[in-house]
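Structure, as structure tokens:
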Amino acid sequence: MTEDLGFIHRFVPAEDSGADTLLLLHGTGGDEDDLIGIGQSVAPGAAILSPRGNVLENGAPRFFRRLAEGVFDPKEVRTRAEELARFIRAATVTYRLDPTRIYSLGYSNGANVASTVMLVEPGILRASILLRPMLVYEPSEKSDLGGSSVLISAGRMDPIVPAESVEKLVSLFESARAAVTLKWQLAGHNLVPSEVREATEWLALQRAAPLS
């Protein structure tokens, strides 16, 4: 664990030089250790880069603030996403990562900041697994995510994320030309084992695909 590069974070080197990197982004109250096990299962052999959110909500780390449940300040969300993008670029140099082979896996608040990073900094993430995301930011400018892919895994019984918000996020990514896969789970906001398997299979296809 280190505090360099603007975020407390953990870095686990890849098994082979030049391999892929998986960026892990925790949910509210999590930290840089939360998703390590899932990340190593989903992306075997990849380097792991796992930052802790810089914002505290009643002592719970997050990647951006919320004004109330489901209510956000778009300017602050964008600022925090740009902050995370700078961290990714700095880590790419520091750890000698391949900038064309960086993927992300985010849960809840982490998924929301990952989606925003993709929209405001197209190309920095090749593909993202978004677990329980919702629409938190709509850029005023048109994003072009051609060549990028997104897996959205949402819960049919999620008390936190409205289905309408998930569908709007899907539409936003599709309008930006990203390849979107939407999976609905018979679950609430918590994850279920089946979607981890689905994420593993989906990411394996993205990692095997040639760069466009």
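The values are calculated or read from the model by the stated rules, or taken from the named source; none is laboratory data. Computed from a prediction, not measured in an experiment: that's the story for all the values here. Every residue, glycine as well, gets a Cβ built from its backbone with ideal geometry; the counts of neighbours run over all protein chains shown. Accessible surface is based on the protein model in full, side chains and every heavy atom, while ligands, DNA and RNA are left aside. Shrake-Rupley method; radii C 1.70, N 1.55, O 1.52, S 1.80 Å.
Per 0.36 nm of contour for each residue apart, how much would the distance between I160 and V71 grow if the chain were fully extended, relative to their Cα-Cα spacing?
Gain on stretching I160 to V71: 30.9 nm.
On a full-extension model of 0.36 nm per residue, what is the gain between S171 and L211, subtracting their alpha-carbon distance, rounded to one decimal in nm?
12.0 nm
Which of P74, V42, A91 sits closest to the plus end of the dipole of the stretch 1-91, meaning its Cα is farthest towards the positive end, when Lys and Arg get +1 and Asp and Glu get -1 on the C-beta?
P74
In nm, to one decimal, how far is the W184 label point from the D98 one, both placed 7 Å along Cα→Cβ?
For W184 paired with D98, the spin-label model returns 3.7 nm.
Round to a whole number: what % of the accessible area of the stretch 11-55 belongs to carbon and sulfur, probe 1.4 Å?
That share works out to 42 percent.
Given the C-alpha centroids of the stretch 53-90 and the stretch 182-200, what is the distance between them in whole angstrom?
If you average the Cα positions of each part, the centres end up 24 Å apart.
What lysines sit close enough to K75 to cross-link, taking a C-alpha to C-alpha distance under 24 Å and skipping anything fewer than 8 places away on the same chain?
The reachable lysines, counting only those whose Cα sits under 24 Å from K75, are K142, K168.
Rounded to the nearest 500 deg cm²/dmol, what is the calculated helix-only ellipticity per residue at 222 nm for the chain, with -39500 (n - 2.57) per DSSP H run of length n ≥ 4?
Theoretical 222 nm ellipticity from helices: -10500 deg cm²/dmol.
When the accessible area of the stretch 121-212 is split by element with a 1.4 Å probe, what percent falls to carbon and sulfur?
54 percent
Beyond 31 Å, what share of the Cα-Cα pairs of the chain is found? Please give it as a whole percent.
Every Cα pair in the chain considered, those over 31 Å come to 10 percent.
What does the extension gain come out to for L56 and E141, with contour length at 0.36 nm per residue minus their alpha carbon separation?
27.7 nm
Between S17 and S194, how high is the FRET efficiency from 1/(1 + (r/R0)^6) when r is the Cβ-Cβ distance and R₀ = 35 Å? Nearest 0.05.
Step by step, r from the Cβ atoms, then E = 0.55.
For the stretch 1-71, which trypsin sites (Lys or Arg not before Pro) pass both filters: DSSP loop (anything but H, G, I, E, B) and at most 16 other C-beta atoms within 10 Å?
Sparse-neighbourhood loop trypsin sites (Lys or Arg not before Pro): R65.
With a cap of 15 neighbouring Cβ atoms within 10 Å, and only residues DSSP puts in a loop, list the trypsin sites (Lys or Arg not before Pro) found in the stretch 131-212.
In loop regions of the stretch 131-212 (DSSP not H, G, I, E or B), the sparsely surrounded trypsin sites (Lys or Arg not before Pro) are K142, R156, R177.
Rolling a 1.4 Å sphere over the protein heavy atoms, what is the accessible area per residue of the stretch 1-148, to the nearest Å²?
41 Å²
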